[in-house]
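Note sheet for the following structure.
The values are calculated or read from the model by the stated rules, or taken from the named source; none is laboratory data. Please read all numbers here as calculations on a predicted model, not as lab measurements. So basically every Cβ, Gly included, is an ideal-geometry build from the backbone, and we count neighbours across all protein chains shown.
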Amino acid sequence: MSENNYQPPKVWTWNQQNGGNWSKINRPVAGPTHQATLPEGKHPLQLYSLATPNGQKVTILLEELLALNVSGAEYDAHLIRISEGDQFSSGFVAVNPNSKIPALLDRSALTPVRVFESGAILLYLAEKFGHFLPKELAARSEVLNWLFWLQGSAPYLGGGFGHFYSYAPVKIEYAIDRFTMEAKRQLDVLDRQLAEHRYIAGNDYSIADIAIWPWYGNLILGEIYGTAAEFLDVASYRHLQRWAQEIAMRPAVQRGRMVNRTWGEPAEQLHERHDASDFERQTEDKRQP
């Protein structure tokens, strides 16, 4: 049924064949679909994720912490293949009842702590290790302003613009126009902020940058949604361009975006990460003929 003559029924029913590329992983009920135990590694921090923008947030922060020699930030990153429904296993649902990546289990305490929602994980790790979140009240509040801005804004970029522009089985002009307008408004918000500050929340790199870059930095650099960068005229946001490129050059960001990545150039993929040396082994493996 086309967008022009569709009328909502009195009671909605789930059409499992509708929804595009990701229809198989979306459903209107919660809870597990199958029994499976999550793998566990040797470190206190166990991350269950995939290198989507939300997943990249956490691995980038962990790699940034390790770059500061925070030994307690060593972690195991286990791959969750959302296209195969790993997030609906009983083990994953026990860590995140919302069945979304990423999910973190911190086993450093007597009673393990589960942390889900990417923004909550960033805040938890920043507070736990004392980095990338200022202690002074005003500066801390500014970082949290932008962290919560991202958590509220990214769904419009991903589930809104990204879905209808790249993934929807039918191109709907109204939907694309609506979410393009909002995506460009968000880009303008960031560009205006970065016109006056080196980083998102001021002059210091923080979890605000780490949260926002995987979404808007990757978009500006043409790394997500195919031709979206040209469609959105991202070159016109010159302050955002400067910030996105600067963050992309950080070694910890380059490592973090590789973890749990299963697409793109083989040299940019590290399906699982259990030790810092995995990056070196991965590079060596890719060099083999």
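Could you grab me the full set of residues in the stretch 134-172 that are in contact (Cβ under 8 Å) with a residue 60 or more places away in the chain and of a type in the set (Asp, Glu)?
Within the stretch 134-172, just Glu142 meets the criteria.
Here are Leu221, Leu194: which of them is touching a His at 6+ places or on another chain (Cβ under 7 Å), crowded, with 16+ Cβ neighbours inside 10 Å and among the aliphatic types (A, V, I, L, M)?
On the way: Leu221 fails: touching a His at 6+ places or on another chain (Cβ under 7 Å).
When all the criteria are applied, what remains is Leu194.
Identify, by number, the condition in (1) farther than 23 Å from Thr33 by Cα; (2) in contact with a Pro (Cβ under 9 Å, 6 or more places away or on another chain); (3) surrounded by fewer than 24 Cβ atoms within 10 Å (Cβ to Cβ) that His78 doesn't meet.
It fails just one condition, (1).
From the list Leu47, Leu68, which one is within 14 Å of Leu125 (Cβ to Cβ), surrounded by 18 or more Cβ atoms within 10 Å (Cβ to Cβ) and modelled with pLDDT of 95 or more?
Just a single option satisfies the conditions, and that option is Leu47.
Given (1) in the same structural domain as Thr227 (by TED's automatic domain parsing); (2) over 21 Å from Tyr216 (Cβ atoms), identify the lone condition not met by Phe164.
Only one criterion is unmet by Phe164, namely (2).
Does the stretch 114-125 include one or more residues that are assigned to a helix (DSSP H, G or I), within 14 Å of the chain's Cα centre (by Cα), surrounded by fewer than 17 Cβ atoms within 10 Å (Cβ to Cβ) and at pLDDT 95 or above? Steps first, answer last, please.
Our first condition is that a residue be assigned to a helix (DSSP H, G or I); within the stretch 114-125, this holds for 118-125.
Among the residues that remain, those that are also within 14 Å of the chain's Cα centre (by Cα) are: 118-122.
Subsequent filtering for residues that are surrounded by fewer than 17 Cβ atoms within 10 Å (Cβ to Cβ) retains 120.
With at pLDDT 95 or above added as a condition, the list becomes 120.
Yes - at least one qualifying residue is present in the stretch 114-125.
Name the one entry in Pro251, Pro214 that is of a type outside the set (A, V, I, L, M) and in contact with a Lys or Arg (Cβ under 7 Å, 6 or more places away or on another chain).
Criteria check complete, one pass: Pro214.
Can you go through Leu144, Leu105 and tell me which one is over 15 Å from the mean Cα position of the chain (by Cα), part of a helix (DSSP H, G or I) and not β-branched (Val, Ile, Thr)?
Leu144
Is there any pair with a first residue in the stretch 247-273 that is farther than 20 Å from Ile200 by Cβ and a second that is of a type in the set (Gly, Ala, Ser) and part of a loop (DSSP other than H, G, I, E, B) whose Cβ atoms are under 8 Å apart and which are 6 or more apart or on different chains, and what are they?
Listed by first residue and then by second, the contacts come to Met258/Ala51; Val259/Ala51; Asn260/Ala51; Arg261/Ala51; Thr262/Ala51.
Quickly run through the stretch 113-141 and pick out the residues that are in contact with a strand residue (DSSP E or B) (Cβ under 6 Å, 6 or more places away or on another chain) and of a type outside the set (A, V, I, L, M).
Arg114, Phe116, Tyr124
Can you name every residue in the stretch 169-197 that is within 22 Å of the chain's Cα centre (by Cα) and not aliphatic (A, V, I, L, M)?
Phe179, Thr180, Glu182, Lys184, Arg185, Gln186, Asp188, Asp191, Gln193
Among residues belonging to the stretch 231-281 that are closer than 14 Å to Pro53 by Cα and among the β-branched types (Val, Ile, Thr), point out the one that is surrounded by the fewest Cβ atoms within 10 Å (Cβ to Cβ).
Here the residue is Thr262.
Kindly check whether there is at least one residue in the stretch 246-254 that is touching a helix residue (DSSP H, G or I) at 6+ places or on another chain (Cβ under 8 Å), over 19 Å from Leu47 (Cα atoms) and assigned to a loop (DSSP other than H, G, I, E, B).
yes
Between residues in the stretch 181-210 that are within 18 Å of Leu147 (Cβ to Cβ) and residues that are among the polar types (S, T, N, Q) and surrounded by fewer than 23 Cβ atoms within 10 Å (Cβ to Cβ), which pairs lie under 6 Å by C-beta distance while being six or more apart or on different chains?
Pairs found: Gln186/Ser153.
Of the conditions (1) under 27 Å from Tyr216 (Cα atoms); (2) in a helix (DSSP H, G or I); (3) at pLDDT 95 or above, Val93 clears all except one; give me its number.
Val93 satisfies all of (1) under 27 Å from Tyr216 (Cα atoms); (2) in a helix (DSSP H, G or I); (3) at pLDDT 95 or above except (1).
Which of (1) under 29 Å from Ala228 (Cβ atoms); (2) part of a helix (DSSP H, G or I) does Val170 not meet, given it meets every other one?
All conditions pass for Val170, except number (2).
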